[in-house]
Amino acid sequence: MRTLIFSLALFVSFSVCLAGQSQQPDLKAFEEETMRHYQALLRLETMDPPGNERPAADYLKQVLEKERIEAKTFSLEPNRPNVVARLKGNGRKRPLLIMAHTDVVNVDPSKWTFPPFAATRNGGYVYGRGTVDDKDNVVAALMTALTLKRLNVPLDRDVIFLFEAGEEGSTRVGIQFMVNQHYSEIDSEFCLAEGGGVVRQGGQVKYATVQTIEKIPRAIELTARGVAGHGSVPLKTNAVVHLAEAVAAVAKWRTPIRINDTTGAYFSRLAELSKPEEAHWYRDILSTDSKKVQAADDYFLDKEPRHASILRTSISPNQFNAGYRINVIPSEAKALLDVRTLPDEDPTKFLEQVKKVVNDPAVEVAWSARDVRPSSGAAKLDSEVFKVLEANVTKTYNAPTLPTMSTGATDMAYLRAKGIQCYGIGPATDVEDGPLGFGAHSDQERILESEILRFVRFNWDVVVELARSK
Ligand SMILES: [Zn+2]
């Protein structure tokens with residue numbers, strides 16, 4: 001009964017947005033078609049590396065062109081095309097870009113209960129690499145494009161769909177190539193892409209996250225230098241020891257806490273929907289009382305490390321290279337620090353702080369090469385898009401929306417740096433599914449059928465509300 005009322009409510013919400021238009025999509029047909037395209041896309045092996053998005057690009061192009069939607073491809077490498085489709089509006093507003101990536105991370109087939117590229121439906125789930133990263137967004141974009149075209153929805157703005165290659169570690173063939181060489185094809189006011197989601201716990205939706213900003217991945221290299229010698233005669237100048245002390249010092253260092261608009265709103269909204277025993281930490285971290293802040297930070301570092309990370313520029317020493325045989329004191333030792341800077345961090349000043357923490361003339365501290373993404377401001381929390389997302393989360397999921405800052409990086413960074421307001425969204429997944437090994441980049445990957453269908457409807461509702469002529 002509960003289920004019946006629920007699906008009835010969904011149906012009402014799905015069709016209400018089309019009030020005033022001549023046609024409405026048939027929900028059953030819409031969902032059947034969603035599942036058909038979704039499974040077809042999941043069955044295409046688009047692993048990156050090596051990177052072979054062509055089958056997905058060909059599939060999308062063929063489906064779009066069958067509906068007379070022009071689909072252009074842009075390839076830096078022949079097997080790695082990006083696909084762009086544009087539905088023209090009357091130009092009253094600047095375009096809306098819907099972006100999704102067609103590549104997926106690698107698999108170890110021996111870890112899978114169902115084959116990773118079979119899109120098996122079992123027990124209410126769809127299994128397959130890409131089910132939540134990112135063929136969910138691919139199928140949502142595709143269905144929205146097809147439905148806008150079929151219903152001939154009059155638009156106040158162009159709606160552009162970008163199906164990009166190379167998100168999983170080879171952005172030079174994907175977003176970098178599109179931004180650097182074909183920017184006019186995707187230039188927009190707003191963009192929706194992966195990076196957010198809806199959090200379910202115990203089968204209940206708790207809240208939705210919309211990513212509005214992200215940290216910037218950087219790398220610091222520590223190089224300790226000392227005197228080489230025979231291992232039977234220990235030396236104070238031993239490079240391994242100096243490096244170990246430097247690594248320990250930076251790892252213990254609590255970098256300064258800085259709250260921005262996104263993280264401030266995130267913690268205060270999280271406090272509102274959490275149990276009292278957790279809620280007070282989320283309030284305390286925003287307090288002006290430094291003791292409360294410190295205690296909350298202690299709690300996060302211990303129990304909720306992701307929350308500790310979004311408070312600050314973080315440092316994680318992840319590589320340590322020293323020595324080559326048991327009886328030789330090496331003259332050099334190196335460590336690499338994974339540094340995720342806050343978007344407004346000044347790298348030069350930050351490096352000076354790290355040098356002070358290391359405080360050892362035998363250890364050189366320097367920024368090291370990394371595929372650094374451009375920095376940018378946050379997408380606004382009072383924009384038309386954020387408001388529409390929030391309203392549709394309420395309507396579709398009956399849950400609050402939390403703006404978030406990613407600790408990791410997404411392709412939205414390149415678009416935000418060009419001035420596009422980008423928002424990361426995604427379907428509902430169970431928090432219990434991650435530790436079981438079914439999340440994005442996990443040994444296996446899956447999504448509830450009901451949730452992929454709900455997300456595609458949500459995407460459609462949002463795009464129609466943002467783009468339809470009013
Ligand atoms: Zn992804």
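Rounded to the nearest 20, the Cβ-based charge dipole of the range 167-283 about its Cα centre (Lys and Arg +1, Asp and Glu -1) stands at 720 debye. Between Val132, Asn79, Ser406, the Cα set farthest toward the positive side of the dipole of the chain (charges on each charged residue's Cβ, about the Cα centre) is that of Ser406.
Computed from Cα positions, the angle between helix 54-66 and the longest principal axis of the chain comes to roughly 20 degrees.
Restricting to Cα atoms and excluding each atom paired with itself, what does the Kirkwood estimate give for the chain in Å?
Numbers: mean 1/r = 0.0416 Å⁻¹.
That comes to 24.0 Å for the chain.
Please give the charge dipole size of the range 389-470, origin at the Cα centre, charges +1 on K and R Cβ atoms and -1 on D and E Cβ atoms. Round to the nearest 20 debye.
Values: 8 positive and 11 negative charges, 122 e Å.
Dipole magnitude for the range 389-470 comes out near 580 debye.
Convex hull over the Cα atoms of the range 102-250, averaged projected area in nm²?
Details: hull surface 69.8 nm².
The directionally averaged projection comes out at 17.5 nm².
Compared with the rule-of-thumb size 2.2 N^0.38 Å for a compact globular protein, the range 218-367 has a Cα radius of gyration ratio of 1.30.
Length available on full extension from Ala366 to Val227: 0.36 nm per residue minus the Cα-Cα distance, which gives 47.9 nm. Reducing the range 193-263 and the range 445-470 to their Cα centroids gives an inter-centroid distance of 36 Å. Taking packing as the residue-averaged number of other Cβ atoms within 10 angstrom, the listed peptides 317-329, 390-402 run from highest to lowest as 390-402, 317-329. Counting only protein heavy atoms and a probe of 1.4 Å, the accessible surface of the chain is 52% carbon and sulfur. Dipole orientation for the chain: of the candidates Phe320, Ala391, Thr171, Ala391 has the Cα lying most toward the positive pole (charges on Cβ; Lys, Arg +1; Asp, Glu -1).
Counting only Cβ charges, +1 for Lys and Arg and -1 for Asp and Glu, the dipole size of the range 222-346 around its Cα centre is about 440 debye. Placing unit charges on the Cβ atoms of the charged side chains and taking the dipole of the range 282-362 about its Cα centre, the candidate lying farthest along the positive direction among Ile329, Leu301, Tyr282 is Ile329.
A simple packing score, the average count of other Cβ atoms within 10 Å per residue, orders the peptides 100-113, 164-177 as 164-177, 100-113, with the highest score first. Taken per residue, the accessible surface of the chain reaches 44 Å², heavy atoms only and a 1.4 Å probe.
The values are calculated or read from the model by the stated rules, or taken from the named source; none is laboratory data. Nothing here was measured: the structure is a model prediction, and the numbers come from that model. As a convention, Cβ positions derive from the backbone with ideal geometry for all residues, glycine included, and neighbour counts pool all protein chains shown. SASA here: full protein model, heavy atoms, side chains in, ligands and nucleic acids out. Shrake-Rupley method; radii C 1.70, N 1.55, O 1.52, S 1.80 Å.
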